[in-house]
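The values are calculated or read from the model by the stated rules, or taken from the named source; none is laboratory data. A quick note: this is a predicted structure, and the numbers were derived from the prediction, not measured. All Cβ positions, glycine included, derive from the backbone under ideal geometry; neighbour counts span all protein chains shown.
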Amino acid sequence: MAAVIGLLVIVVLACVGVWFVLHTAQPKPVPIGTVLGDLRTYDGQVVTVAGRVTETVNLLGFKTYQLKDDSGEIMVVTDRGLPNKGDEVTVTGFVSEMFNLGGVNMTVIKEPLPEGQAKR
């Protein structure tokens, strides 16, 4: 009987461990160039990107920073504190194509996620 209880405890702990890993693991970052190169897929979606902060702007409470990886660069709009220039950061946010006019494109990632928006 003790062996059955011990086996049951092991199974329950294993299930809890698997659940924890699946629900707390960070999503793998998508290359910025992939997001910018396929806006038909990514516009309006939640993505995770990672890179180095190249510029920061705080203008009357409107906070943005440029995030660059080996494949491209994108602006991040945030309500949080700004990272320092040169920081390596990972961002999960909502992709938004602000405009595309005459070949000039302005796409941003908005963080934090809008209320009710689930992570993917």
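Has segment 113-120 got any residue that is at pLDDT 90 or above, under 21 Å from residue 41 (Cβ atoms) and touching a strand residue (DSSP E or B) at 6+ places or on another chain (Cβ under 7 Å)?
As a first pass, look at segment 113-120 and keep what is at pLDDT 90 or above: none.
The answer is no; no qualifying residue exists.
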Cβ-Cβ under 7 Å pairs, at least 6 apart or on other chains, segment 49-75 side within 17 Å of residue 94 (Cα to Cα), far side part of a loop (DSSP other than H, G, I, E, B): 49/29; 49/30; 50/29; 63/82; 65/82; 65/83
